[in-house]
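Here's the structure we're looking at; comments come further down.
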Amino acid sequence: MSGGGAPEKIGKMTTDYALMPYDVYLLTPFVRAASTAADAKRRSMAAPAMTPDGVNADGVVVSVVPGPGANARSIAGVTLKRGDAVIRPVKSAVQPPAADGRVSGAFYFRLEDFSPLPVTLVCEGGAAPFSLALDADDFAAARGAIDVSAGPAAYLAKLRAINDANTKAAQALAERDAAQRVEDDATLFVKSSDYSVVESNNAFTKFRWQATIVNSAPRRRVFDLTAKFVDAAGATIVTRVVPTEIVNAQSETEVKGEAQIEAAKARTVARLTVVAARKGM
């Protein structure tokens, strides 16, 4: 929905949406791969390696949940129709009823089932089927899930680029963990780290970060903590040092902090790296 739309148009869209019996989500291979990579980036973790064949295996997943208003229905099945032809999913997964008694489900279709467009999606579960026409604009709105202007080679290139980026991130994470454990004799290490945006404007973005430090030694440890926000190439954008923290023997502790980064640099933040360096014996 565009914030620049006319108020009456936005009002009608909101009213129409409230009357819909279902919420329908198109989860295509590219969307699932991009979502996995984005979630790993947000958590400062390496995403699992993904190959085009592996990501394509589940085709397009049509996720259907009961709608937002009084007309909400349980979903029992989904088919596609193109002319007189009826296309059924290769597999489906209907969930147990929620607290309100309504049912959601996921329905798996082959990539080729959506070519050519348009195609009609039919949801079954109420007194009468609910139909929804899908065209190229719908898939474009699903963040380029199926780019009708791009051939298979370009589409697979996108997936390979995601896979290459995830593989590189996994290698960097493994190297960082190995260096950390060698430096601290495997007794003091960063178990996990994460960050979130707490304020953003045209001048700066404020990040809040946290890290969990584990001490597996039979005595307490004193350490310095270094947190770095880095870009996709691994270059440091900003560094925050937290000196002289203490973690008790065979336990863990959480360290938190904030970093305010100017807006232009904040947009290049790709991940957070945190290293604990032991002090003394």
**Study point:** Distance between modelled label sites at Thr212 and Thr236, nm, 7 Å Cα→Cβ extension
**Key:** 2.7 nm
Review point. Which distance in nm do the two modelled labels at Ala93 and Lys279 give, with both placed 7 Å along the Cα-to-Cβ direction?
Key: 4.8 nm
**Study point:** Modelled FRET efficiency - R0 41 Å, Phe204 with Asn248, Cβ distances, 0.05 increments
**Key:** 0.65
Revision key, fill the gap. So, with points 7 Å from each Cα along the Cβ direction, the Lys81-Ala136 label distance in nm works out to 2.5 nm
Point to revise | Peptides 253-264, 19-30 ordered by average Cβ neighbours within 10 Å, highest first | key: 19-30, 253-264
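None of the figures in this text is laboratory data; all of them are computed from the coordinates on show. In this text the structure is predicted, and so the values were computed from the model without any measurement. Every residue, glycine as well, gets a Cβ built from its backbone with ideal geometry; the counts of neighbours run over all protein chains shown.
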